[in-house]
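Each remark here refers to the structure printed beneath this line.
The values are calculated or read from the model by the stated rules, or taken from the named source; none is laboratory data. Not measured: the values here are computed from a predicted model. As a convention, Cβ positions derive from the backbone with ideal geometry for all residues, glycine included, and neighbour counts pool all protein chains shown.
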Amino acid sequence: MEFIILSSLTAVLLLISFLKDRKKSMKALKMAGKRLLKIVPMILIMVILIAIILYYFPPDVMSRYLGGENRWLAMLSATVLGTIALIPGFIAFPLGGVLRDSGVPYMVIAAFTSSLMMVGLLTLPVEKQYLGMKVSLLRNLVSFVIALTVAVVTGICYGEIF
Amino acid sequence: MNRKTISLTVIIIICMGALAALFVLDPEAPGAIGRIFASNILSMLKILPFVFILIALFDVWVNREIIERHLGEEGGAVSFLWAVLLGGTTVGPMIVCLPVAAALYKKGARLTVIFTYIAASTVVRVPMTLFESSYLGVKFTIIRYAVSLPLIIGTSVLMGRGLQKKNYEIKE
């Protein structure tokens, strides 16, 4: 779905661009190719890391770590797990639904999905190319704290803490 | 050889070494990992070239003034609304927002707005949100939004202002 929208949008805009100005469009294409090539090595490293982690911790194994007795500990480990996991949303949220049905508190699910989306240790090789290592780490640290905050507030709102 | 290529080579050698060790310890691993790798790379290839073409088109066609007026120093509070909307409609994996952020920066968007955009694209993705609320309930989504949005804007402003003073720049 995303692919169809994205590719047709690109094709239409590229066509309009070429009709308006051939030279400018060629320049844009060259620019796109150069930038893509520059980031490819880091993307390769990232995908290798993802593949290794996903092999040893497939989503169903991960979910086993989230059902612990101590909900604070479970929340913290869910946040940590979320930072190293890279699961697309269309798998993560149904997984969240399954977890909830098996009795995992909302605060743990919120911790996992929030940090999953906001924090990415595996994407660091790519992120540092644009933002620099220091700022990338800072951004991820801040996001980690925000994910924890979201989890705690979720716990309060669902009456899981008080 | 500069430092970058050396560290890159070292990382690649370590990866190769790790893979070789895996092959000895767990003969099934490399094949399985290779398959996951291939499917992930494929999904990246389906998105990234288009993203980079769109960014380049943005680069050659969109006037710097427009970005400066709406997302630059003179943009005011509305800039953050744009940043959140732009982040929410970004498609693909998280890393897509990074080259977009770099392009916006080059066109004169201010740092506070760019950090808001990056954070928003990890928090308020519209298609993901629909998924989330259908599996976990609307209440869950509302709580997440209500807590994250003010926090990401607040921290982005702090980070942006702090870094601006240090002459920080986003690389292309």
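Out of all the residues in region A:55-74, is one or more within 28 Å of A:Ser143 (Cα to Cα), in a helix (DSSP H, G or I) and facing another protein chain (nearest Cβ under 7 Å)?
Applying the first criterion (within 28 Å of A:Ser143 (Cα to Cα)) to region A:55-74 yields A:55-74.
Next cut, in a helix (DSSP H, G or I) only: A:55-56, A:59-64, A:71-74.
Those left that are additionally facing another protein chain (nearest Cβ under 7 Å): A:55.
Yes.
Look at (1) free of Cβ contacts under 8 Å to residues at least 24 places away in the same chain; (2) of a type in the set (A, V, I, L, M); (3) surrounded by 19 or more Cβ atoms within 10 Å (Cβ to Cβ) and you find that A:Leu13 fails only one, number (3). Selection within region B:116-172: residues that are of a type in the set (Lys, Arg) and surrounded by 22 or more Cβ atoms within 10 Å (Cβ to Cβ). The member of this set that is nearest to the other protein chains (Cβ to nearest Cβ) is B:Arg144. Could you please find all residues in region A:135-162 being modelled with pLDDT under 95 and among the charged types (D, E, K, R)? Passing the criteria: only A:Glu160.
Hey, can you tell me all the residues within region A:121-162 that are assigned to a helix (DSSP H, G or I), hydroxyl-bearing (Ser, Thr, Tyr) and within 9 Å of chain B (Cβ to nearest Cβ)?
Of the residues in region A:121-162, the ones assigned to a helix (DSSP H, G or I) are A:124-131, A:133-157.
Applying the additional criterion that residues be hydroxyl-bearing (Ser, Thr, Tyr) yields A:130, A:136, A:143, A:149, A:154.
Passing the criteria: A:Tyr130, A:Ser143, A:Thr149, A:Thr154.
Flag: A:Ile43 does not match the condition of being touching a Phe, Trp or Tyr at 6+ places or on another chain (Cβ under 9 Å) and under 30 Å from A:Phe144 (Cβ atoms).
Might you check whether a residue that is under 21 Å from B:Ala120 (Cα atoms), at the interface with another protein chain (Cβ under 8 Å from one of its Cβ atoms) and part of a loop (DSSP other than H, G, I, E, B) occurs anywhere in region A:105-118? Within region A:105-118 (the criterion being under 21 Å from B:Ala120 (Cα atoms), at the interface with another protein chain (Cβ under 8 Å from one of its Cβ atoms) and part of a loop (DSSP other than H, G, I, E, B)), the answer is no, since none of the residues qualifies.
For region B:40-57, taking the residues that are touching a Pro at 6+ places or on another chain (Cβ under 8 Å), within 12 Å of B:Pro93 (Cβ to Cβ) and facing chain A (nearest Cβ under 7 Å), the one that is surrounded by the fewest Cβ atoms within 10 Å (Cβ to Cβ) is identified as B:Ile47.
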